[in-house]
Amino acid sequence: MSDAVPEAGIPAAAEDEPGAGPVPECDPAAPAPLGVPRTPTGNPEVDAQLERLADADHLATDGHVEVYEDVHRGLRDALTALDARPGPPAPSPSYGHRS
């Protein structure tokens, strides 16, 4: 047994194992996935935006706003595109119609 005091953050048992380095400490402030399930909608454009939300899982909180704004913009564009899809051609107006 040694009189040496183990270094801070390294459990005494880890010191005795050959090749064992320091055990990383858990950082509660580090980004962590929320584990929120994303259910596919069947619309590829919307599903791509929902998957983009996973990017926020790896960012610090101050980076979430950029991802959320990007997803919001993409979802808004997808909804706008639904309104802009061409339908059947409108009938042309009759000019100079004679009875």
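The values are calculated or read from the model by the stated rules, or taken from the named source; none is laboratory data. Keep in mind that this is a model prediction, so the values were computed, not measured. Please note: Cβ atoms are built from the backbone with ideal geometry, for glycine as well, and neighbour counts cover all protein chains shown. In case anyone asks, the SASA skips ligands and DNA or RNA and just uses the protein heavy atoms, side chains included. Shrake-Rupley method; radii C 1.70, N 1.55, O 1.52, S 1.80 Å.
Details
- Considering only residues in the range 58-94 that are more than 20 Å from residue 45 (Cβ to Cβ) and at pLDDT below 70, the one that is most open to solvent (accessible area, probe 1.4 Å) turns out to be 89.
- The set of residues in the range 40-57 being surrounded by 12 or more Cβ atoms within 10 Å (Cβ to Cβ), part of a helix (DSSP H, G or I) and more than 12 Å from the chain's Cα centre (by Cα) consists of 45, 46.
- Any chance residue 42 is over 30 Å from residue 77 (Cα atoms) and either modelled with pLDDT of 55 or more or among the hydrophobic types (A, V, I, L, M, F, W, C) (or both): no
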